[in-house]
Amino acid sequence: MKTLNLQKLLHALIITEECSLVAASKKLHITQSALTRSIQSLEEDLGLQIFHRKSSGVDLTKEGEVVIARARELLDQAGQLQADVRALSTGTRSVVAFGLDPIIAHQILAEQLKAIIVDSRLMQIQVKIESRSTLFSMLTQGDIDFFVADINDFKPVDVKYIDVELLQTVRGSFFVRRGHPLAEKKSVSLAQIYDFPIITPSNVHENTWEELRWNNIDSTAPQRKQQLVCPDIAILKKITAESDAVFASADISVAEECRAGTLRRLNHDVANDEDLRSIGLVSLKDGNLCIHSREIMSNLSERIRTSLNPK
């Protein structure tokens, strides 16, 4: 079989879509006779018949259905290749937007952006640091190409439209300042924790928040169900060190402060045994990402796999 000619495959695809040689020739701006010769040549190259010719138009043969399905894939790939080559050679239209959960951003963003600046010819890089729910909304609206965040508790309706890849597992805990009323207790209940304001860098998903708020807590008793959400981890750690607030975050985000003794991890059942969170890469199914976005996504994923310490 001869080497496939993409132009001939395009001609066959347009004929299939228009169901007519006349309509296809008009759409392609070529004569009907030239289009007929192109299809005859393609069929000779393939060694099979693609179309049944009829007085009312054309129909695909069974073999033609297979050929057209594969032709559509090849032409899509060829178009993507052309876009990638343009982006690589000129940098035009090279805008990548991605999102990170605040905890992930705090751990890796500075080093990752330095690498992107050195290695990339991108015209613009947009980084969104938001909660998972906000990033998910931005992804589905086309405002970002992908995001990295906690992938626990996705609803079935959500995963219908997205690809999710597990990158790492981290432990989440509650932290307080040295000298906090709970700091020296050997075992702390959730009821005791929720006597104090909870501060966190990323909004706890509603079902998780409700579970944490009410599990083993007397729902008839007055509780301070107060949560402060702020994506700036440095600010939250400062508030924790200077107040009685309880900081809910991943262990990796306060490792240095815990080693120094300025913050203490509370000993409680949720963090000790159950509060492992899965960090993952989220993108749209069949998303048509540019080569720069795919490269950043790959490098970012590898960095998270190797730099975030699991439990």
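Annotations for the structure displayed:
- Test: Q49 is within 18 Å of A69 (Cβ to Cβ), out of contact with any Phe, Trp or Tyr (no Cβ under 6 Å at 6 or more places or on another chain) and of a type outside the set (A, V, I, L, M): yes
- Scanning segment 146-157 for residues being under 12 Å from the mean Cα position of the chain (by Cα) and either assigned to a helix (DSSP H, G or I) or among the aliphatic types (A, V, I, L, M) (or both) gives a total of 3.
- Condition met for L4 (at pLDDT below 85 and within 17 Å of L75 (Cα to Cα)): yes
- Verdict on S137 being in contact (Cβ under 8 Å) with a residue 24 or more places away in the chain and assigned to a helix (DSSP H, G or I): no
- Residue list for segment 52-89, restricted to those being assigned to a strand (DSSP E or B) and at pLDDT 85 or above: H52, V58, D59, L60
- Any hit, segment 295-311, residues being at pLDDT 90 or above and in a strand (DSSP E or B): no
- Filtering segment 28-58 to residues that are surrounded by 13 or more Cβ atoms within 10 Å (Cβ to Cβ) and touching a residue at least 24 places away in the same chain (Cβ under 8 Å) leaves L35, S38, I39, S41, L42, D45, L46, I50, F51, G57, V58.
- Filter result (small (G, A, S) and either at pLDDT below 90 or more than 20 Å from L308 (Cα to Cα) (or both)) within segment 215-247: S219, A221, A241, S243, A245
- Pairs with Cβ under 7 Å, 6+ apart, first in segment 173-197 and at negative phi, second in a helix (DSSP H, G or I) and among the acidic types (D, E): S173/D251
- The residue pairs whose first member lies in segment 140-157 and is surrounded by fewer than 20 Cβ atoms within 10 Å (Cβ to Cβ), whose second member is aromatic (F, W, Y), and whose beta carbons are closer than 6 Å, counting only pairs six or more residues apart or on different chains, do not exist in this structure.
The values are calculated or read from the model by the stated rules, or taken from the named source; none is laboratory data. Owing to the predicted nature of the structure, the values given are computational and were not obtained by experimental measurement. Note: ideal-geometry Cβ built from the backbone for every residue, glycine included; neighbour counts use all protein chains shown.
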